[in-house]
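Colleague: First, the structure itself, so that you have it in front of you.
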Amino acid sequence: NRDALAAAEASNGRLVPLAAISLYGHDAGDGYVEGLKGAGFAGIVLFPGRFGWGLDHVAFRALARQAADLGLPMQLVIQDPADLIHAADHAGLPGGPVLLRWTKRGGYTNLPDILAVARDCPNFLFDVGSVTQTGGIDRLAERMGPERLFVAANMPDAYEACPYFMLQASGLDAEAKRLVGGANLARLFGR
């Protein structure tokens, strides 16, 4: 996290620092997350699949409430459809901004689940990087609005810039493409 913060500080505002948190050893009452916010992190990011714990943990529910109370956006890098269920169950109610970023295959099959979770969790924003079917980005924007979508490069799990090309090839108008392409994230992180 120190390296991420240093890189963001050296970038003249081009990078936004998110602190990576593992739930192993996490104590929601020890002031750690408050310290991250005080140090200048704009949000937190969790990688449950990479760290070997799930979003079904009680500690995740406590962290989601804590992030919402502090006004820290939380990005969840998910790999399993069950993660959507647990994210909705544990991070939907506190109401803080949650960015869902999918890093495994399944763009075709995820669309119905994304739409259902979006309806139940108005505080969630969704990465369109894994939505590979023709018209998929357009459908999400039509159903939930382009202000709830964003593009993550998904490197190193995907080819560089593919999501940006898919966004440009979509049928969205210029303003919707601007929102999805970066303006929503800039708004969320106060940039």
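The values are calculated or read from the model by the stated rules, or taken from the named source; none is laboratory data. A quick note: this is a predicted structure, and the numbers were derived from the prediction, not measured. Cβ: placed from backbone, ideal geometry, glycine included. Neighbour counts: every protein chain shown. In case anyone asks, the SASA skips ligands and DNA or RNA and just uses the protein heavy atoms, side chains included. Shrake-Rupley method; radii C 1.70, N 1.55, O 1.52, S 1.80 Å.
Colleague: Could you go through the range 100-117 and let me know if any residue there is under 20 Å from Q66 (Cα atoms) and either touching a strand residue (DSSP E or B) at 6+ places or on another chain (Cβ under 6 Å) or assigned to a loop (DSSP other than H, G, I, E, B) (or both).
Modeller: So in the range 100-117, the residues under 20 Å from Q66 (Cα atoms) come out as 100.
Next, from what is left, pick out any that are either touching a strand residue (DSSP E or B) at 6+ places or on another chain (Cβ under 6 Å) or assigned to a loop (DSSP other than H, G, I, E, B) (or both): 100.
The answer is yes, given that some residue of the range 100-117 is under 20 Å from Q66 (Cα atoms) and either touching a strand residue (DSSP E or B) at 6+ places or on another chain (Cβ under 6 Å) or assigned to a loop (DSSP other than H, G, I, E, B) (or both).
Colleague: Can I ask one more? Can you say whether A87 is among the small types (G, A, S), in a helix (DSSP H, G or I) and either in contact with a helix residue (DSSP H, G or I) (Cβ under 8 Å, 6 or more places away or on another chain) or farther than 22 Å from G25 by Cβ (or both), as far as the supplied structure shows? I'd like the intermediate steps shown before the answer.
Modeller: On the way: among the small types (G, A, S): yes; in a helix (DSSP H, G or I): yes; either in contact with a helix residue (DSSP H, G or I) (Cβ under 8 Å, 6 or more places away or on another chain) or farther than 22 Å from G25 by Cβ (or both): yes.
Yes.
Colleague: A follow-up question, please. Exactly one condition in (1) free of Cβ contacts under 8 Å to residues at least 40 places away in the same chain; (2) outside any helix (DSSP H, G or I); (3) not acidic (D, E) is false for Q75; which is it?
Modeller: So the condition that Q75 fails would be (1).
Colleague: Continuing with this model, one more query. Can you name the residue in the range 70-81 that is within 19 Å of I114 (Cβ to Cβ) and in contact with a Lys or Arg (Cβ under 9 Å, 6 or more places away or on another chain) and is also most open to solvent (accessible area, probe 1.4 Å) among such residues? Break it down into steps so the answer makes sense when it comes.
Modeller: Narrowing the range 70-81 to residues within 19 Å of I114 (Cβ to Cβ): 73-81.
Narrowing further to those that are in contact with a Lys or Arg (Cβ under 9 Å, 6 or more places away or on another chain): 75-80.
Values: Q75: 26, L76: 0, V77: 8, I78: 3, Q79: 55, D80: 75 Å².
It comes out as D80.
Colleague: Where the second residue is modelled with pLDDT under 90 and not hydrophobic (A, V, I, L, M, F, W, C) and the first is open to solvent by less than 50 Å² (accessible area, probe 1.4 Å) and assigned to a loop (DSSP other than H, G, I, E, B) and lies in the range 48-59, which pairs have Cβ atoms under 8 Å and are six or more apart or on separate chains?
Modeller: Here the result reads W53/S22; W53/Y24; G54/P48; G54/D83; L55/P48; L55/D83, each pair linking the range 48-59 to a residue that is modelled with pLDDT under 90 and not hydrophobic (A, V, I, L, M, F, W, C).
Colleague: Sort through G35, G40, G71, G29 and tell me the only one that's out of contact with any Asp or Glu (no Cβ under 6 Å at 6 or more places or on another chain) and modelled with pLDDT under 90. Even if it seems obvious, please write down each step before you answer.
Modeller: Values: G35 fails: modelled with pLDDT under 90; G40 fails: modelled with pLDDT under 90; G71 fails: modelled with pLDDT under 90.
Just a single option satisfies the conditions, and that option is G29.
Colleague: Still on this structure: Only residues that are basic (K, R) and in contact with a Gly (Cβ under 8 Å, 6 or more places away or on another chain): list them for the range 167-191, please.
Modeller: Of the range 167-191, the ones basic (K, R) are 177-178, 187, 191.
Passing the criteria: only R191.
Colleague: Name every residue in the range 149-180 that is modelled with pLDDT of 95 or more, open to solvent by less than 70 Å² (accessible area, probe 1.4 Å) and in a helix (DSSP H, G or I), in order of residue number.
Modeller: A176, K177, L179, V180, listed by residue number.
Colleague: Can I ask one more? Pick from the range 95-112 the residues that are open to solvent by 20 Å² or more (accessible area, probe 1.4 Å) and farther than 22 Å from L188 by Cβ: which of them is modelled with the highest pLDDT?
Modeller: P112
Colleague: When you go through A39, A67, A62, A28 one by one, which is the residue that is open to solvent by less than 10 Å² (accessible area, probe 1.4 Å) and touching a residue at least 24 places away in the same chain (Cβ under 8 Å)? Show your work before the answer.
Modeller: Details: A39 fails: open to solvent by less than 10 Å² (accessible area, probe 1.4 Å); A62 fails: open to solvent by less than 10 Å² (accessible area, probe 1.4 Å); A28 fails: open to solvent by less than 10 Å² (accessible area, probe 1.4 Å).
So the residue among A39, A67, A62, A28 that is open to solvent by less than 10 Å² (accessible area, probe 1.4 Å) and touching a residue at least 24 places away in the same chain (Cβ under 8 Å) is A67.
Colleague: So K37 ticks every box in (1) farther than 28 Å from D113 by Cβ; (2) of a type outside the set (A, V, I, L, M); (3) in a loop (DSSP other than H, G, I, E, B) but one. Which box is left unticked?
Modeller: Checking K37 against (1) farther than 28 Å from D113 by Cβ; (2) of a type outside the set (A, V, I, L, M); (3) in a loop (DSSP other than H, G, I, E, B), the one that fails is (3).
Colleague: Would you please list the contacts, defined by Cβ atoms under 8 Å and residues six or more apart or on different chains, that run from a residue in the range 5-20 that is under 15 Å from A186 (Cβ atoms) to a residue that is loosely packed, with under 14 Cβ neighbours inside 10 Å?
Modeller: A8/G40; G13/R191; L15/A7; V16/R191; P17/A7; P17/E9; P17/G40
Colleague: Go through L115, L84 for me and flag whichever is buried (at least 21 other Cβ atoms within 10 Å of the Cβ) and modelled with pLDDT under 95. Steps first, answer last, please.
Modeller: Working: L115 fails: buried (at least 21 other Cβ atoms within 10 Å of the Cβ).
Checking each option against the conditions leaves just L84.
Colleague: Can you pull out every residue in the range 11-34 that is part of a helix (DSSP H, G or I), touching a helix residue (DSSP H, G or I) at 6+ places or on another chain (Cβ under 7 Å) and not β-branched (V, I, T)? Working first, answer last.
Modeller: At the first step, the residues of the range 11-34 found to be part of a helix (DSSP H, G or I) are 32-34.
When the remaining residues are screened for being touching a helix residue (DSSP H, G or I) at 6+ places or on another chain (Cβ under 7 Å), the result is 33-34.
Correct list: E34 only.
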